[in-house]
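See below for the structure under consideration.
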Amino acid sequence: MSSDAESTIDDRIRDNVADILFFMLGVIMLQIAIRLWGMLPPDAPLVAVTVILAFAWSLFLLVLAVWTTDTGEYGHFLAAVTLGILVLATVAMLRHLPLPYLGTDVALFTTYAADLTLKGQNPYAASMLPSMAALDIPTDQLQLPGFKTAYITPKTDGTVVTRLSYPAGAVLIFLPQMLLGIGRPDMLATLVVPVLALVAFLIRITPPRLAALPLLVTLAPRNMVISSLGGINDGFWVLPLVVTIVLWARDRRGAAGITYGLACAMKQQPWFCAPFLAYWLYADRGCLRAALPAWTRFFGPAAVVFGVINLPFALADPVAWLNGVFTPLQDAGAPLITQGFGLALLTTADVAALPKWYYLVVMVAWALVLLALYAIYFPRSRWMAWIVPALILMANYRSLPTYAVYVAPPAFAAFLAHHQLLWLDGDYWAALDPRRAPEEAADQEVAA
Amino acid sequence: MSGDGPEITPHTKASLVLTIFIVFAGVGAVIAHQQTESPVKIDKAEVGPLELRENASVAAVYRVNLTVTNHADSPVTVGVWTWDQERHGYAFWPVDGGHPNGTVTLAPGETRELTARALLTRNALNPGRPASVVLMTPDGIQRTATTVRTPRNSTYTPNGTEGGAA
C-alpha cells in the first residue's frame, strides 16, 4: 500500500474518532440491554419500557456510526440520552429487583452505622454484626457451607470482620435518605445517585465529540451503576475527587482542597494522592518556602473538611476510630485474608506463602518508588498523581478489583486536563489555561 | 550537564530505583516465604462425596478429607480453607470435631485425618476439576497448600442428590 493511501486511512480514522467512540458505546449499551433483559423480572410495564428503550438506543447508536452525524453538535445530547436510559434502568432496578439486594458487607455496615449514629451511638465502638440480622442474614451460619460469602470479609482465624472500616463520610452520607425515610432498609438510592451524578459531571466536562468516553469509562470496565446497586460505595469518593481534578486544573486550589477533603472523608483510596500532590505543588514553586503557602491553600481546607466530618467520631473514641479507619492495615486480632489482583496473587496462587507484614513493607517501598519516579519524570508525570492509589494498592495484601476499576474516572478527568481537553464554560479548557505557553496562545488567537 | 562525568538521564535514575526495589522485594519474598512455610504438611487430600448441591450452575458442598502431620516440636493450630472462585479469595470451613471456632490443634509429630464440608464453586464444581485447599494458622503467618480434584464418579440428579458413576 502506498504511503498516500495509508495517510488517507489515518486521516479518516482521525476524522471519525467521535463516530468510533459512539459505535463502541452502542456495543456496550447492547451488552447492558442484554443484562437488563436477563436480570429484571418480566411482569412490569416499566421493565418492558426500559428494556425496549435500552435495546433500541443501543441499535440506534450502531446505526449512527454508518450515518453522517455532526457529533460536535449532538455529542452531549447523545450522551445525555444514554445517561437518561441508565437512570430509567436504575429506577426499574430499584423498583423491581428483589430487595434487599445488598451484595457486600460495605453497604451493610455503613447503613447500619448510619442507623447507630442517628440513635446517638458511636458506630466505630460497636460491632456491625447486628446489621446482618437486620436483613435476616443468619449470623450463626457465617462459617457454614451455603452462606453467601459476598456478605462477609473473612479473617485468617476463620472469623469475619465486624468493625466499621471506613472514614465517617461513608456513613454520614446515608443520613439524608434515612431522615427522609425513603427506601429503607437498603439505602440503594444513596449508593447510586453519586454514580449517576459522576457520569453526568464527566459528560459535562468532556468535549461533545468525545462525549461517549465518559460512558465508556463508567460502564465498560465494570458497570458502575449496577455495581452501586449491588453495594459498592466507591462513587462516594470518586465524584468529589473528579471535581477536585477539574478545580485543580483551573488553579482553584482552595476549592479543590475542600472537595479533596470530602473525597478523603469517604474512603481511604484518595489519601494515597496526597504525597504526590504535595510534590507537585513543591515542584511548581521550586523551593519549600514558596511551597508552604501552596500546601496550606490546598491541604488546609482538605484537613478542615476531613476533620469536621470525622472529628466527632475520632474524639468520642480515638482508638476505636483509628482501628476502624486502618482496619485493612491493622485490625484487632487476626488479619484479613489475602485477596486481590496484584502481588496478593503470589500467595493465593501458591507461588509464595507471604505474610501480611511482607506486603505492608513492599507496599510502602513501592509507594516510595512511585514517588521517586514521579519526581524523576516531573513535570511529564504530574497528572499521574490522581491515578496512584490503584498502582500503590497493587502491592497490598488486599487489592480488590474495585481499587483499579474506580480509578478510571479520575484517570479520565486527568487525561482531559493533561491534554487540555476539559470542556468548561462552553469552550476547550486550552483556551483558558493560564499556564499555556505564550507563543501557543498567540498562535491560537491569530488562528481565531 | 554540570560535571565532568556523563549525564545521568531520567531513564537511568528510574532503572536504578526500580532495580533496587525489585531486588529488595525479591530477597524479602524469599526470606518471608521461608519463615511462612508451615510445619503442618498435607500428606493426603481428597474431595468427596457430594454433600449438597447448592445451586445447579454455581456451587456444591463437598466433604474435603485431609491427612495432615505436624512436623514441629510444638502444637500448631490450623484451619481449613478452599479457594472461592466467586469472591476470588479463600473461604474458611470448620473442621469436624475441631475447636468451637472451627480450627484444630495438632500435637508435635501428630498425624490426623481432618474432614471439613466446603462449598466449592464454579471451576471446582465439575467432576475432575481442581480445587485449591489451604491449611492456615489463625494468625495467617504459616500456611501450606495443595490441590485436590472433585470426584469424577459424582453426577447430579435434578433433585440435587448424588447420582451414580459417570
Charge sum, other residues only, whose C-beta stays under 15 Å from residue A:346's C-beta, Lys/Arg counted +1 and Asp/Glu -1: +1
Electrostatic dipole magnitude of segment A:5-85 [Cβ: Lys, Arg +1; Asp, Glu -1; Cα centre; debye, to 20]: 360 debye
Alpha-carbon centroid distance for the pair segment A:221-246 / segment A:377-413, whole angstrom: 14 Å
Theoretical ellipticity at 222 nm over chain A - DSSP helices of four or more residues, -39500 (n - 2.57) apiece, nearest 500: -19500 deg cm²/dmol
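If you take every residue apart from residue B:111 with its C-beta less than 12 Å away from the C-beta of residue B:111, what net charge results, scoring Lys and Arg +1 and Asp and Glu -1?
For residues surrounding residue B:111, the net value is 0.
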Chain lengthening between residue A:349 and residue A:118 when straightened (0.36 nm per residue, less Cα-Cα): 78.8 nm
Span-rule helices in chain A, defined as complete DSSP H runs reaching 27 Å or more along the axis (Cα) with Kyte mean at least 0.0: A:17-39, A:45-64, A:71-96, A:288-316, A:356-377
Most mobile listed residue (A:14, A:209, A:222) in chain A, GNM with C-alpha springs under 10 Å: A:14
Neighbour net charge for residue A:74 - beta-carbon separation under 12 angstrom, K R +1, D E -1: -2
For B:76-84, mean number of other protein chain Cβ atoms within 10 Å: 2
Listed residues A:262, A:315, A:422, most fluctuating in chain A (Gaussian network, C-alpha, under 10 Å): A:315
Inter-site label distance for residue A:70 and residue B:112 at 7 Å from Cα along Cβ, in nm: 7.9 nm
Cβ-Cβ FRET estimate between residue B:7 and residue B:27, R0 fixed at 45 Å, reported to 0.05: 0.90
Residue exposure sequence - B:67, A:259 - by fewest surrounding Cβ within 10 Å: B:67, A:259
Shape of segment A:263-374, Cα gyration tensor, a/c cut at 1.5: oblate
Relative exposure of A:19, A:43, judged by other C-beta atoms within 10 Å (fewest first): A:43, A:19
Cα gyration tensor category, rounded, prolate or oblate, for chain A with a/c compared to 1.5: oblate
Least to most buried among B:103, A:82, B:146 (fewest other Cβ within 10 Å first): B:146, B:103, A:82
Added length on full extension, which subtracts the Cα-Cα distance from 0.36 nm per residue, residue A:14 to residue A:290: 95.1 nm
Net length gained if the chain between residue A:49 and residue A:63 were fully extended (0.36 nm per residue, minus Cα distance): 3.0 nm
Other protein chain Cβ atoms within 10 Å, averaged over every residue that makes up A:347-359: 6
Partners for residue A:267 among lysines (Cα-Cα distance below 27 Å; same-chain residues under 8 apart left out): A:119, A:148, A:155, A:356
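Could you compute the FRET efficiency for residue A:182 and residue A:326, with r as their C-beta to C-beta distance and R0 at 45 Å, rounded to 0.05?
With a Förster radius of 45 Å, E is 0.85.
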Two-site label geometry, residue A:424 and residue A:80: point separation in nm, points 7 Å out along Cα→Cβ: 2.1 nm
Calculated FRET efficiency for the pair residue A:175/residue A:133, C-beta based, R₀ 22 Å, to 0.05: 0.50
Size of charge dipole - segment A:179-272 - debye, nearest 20, with Cβ of Lys, Arg +1 and Asp, Glu -1, no other charges: 220 debye
Virtual spin-label span in nm between residue A:34 and residue A:368, 7 Å along Cα→Cβ: 4.9 nm
Segment A:265-312: C-alpha gyration tensor shape, a/c 1.5 cut-off, then a/b vs b/c: oblate
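Only the coordinates and a few stated rules stand behind these numbers; no lab work does. Everything numeric here is computed off the predicted structure, so don't read it as measured data. No Cβ is skipped: glycine too gets one built from the backbone with ideal geometry, and neighbour counts run over all protein chains shown.
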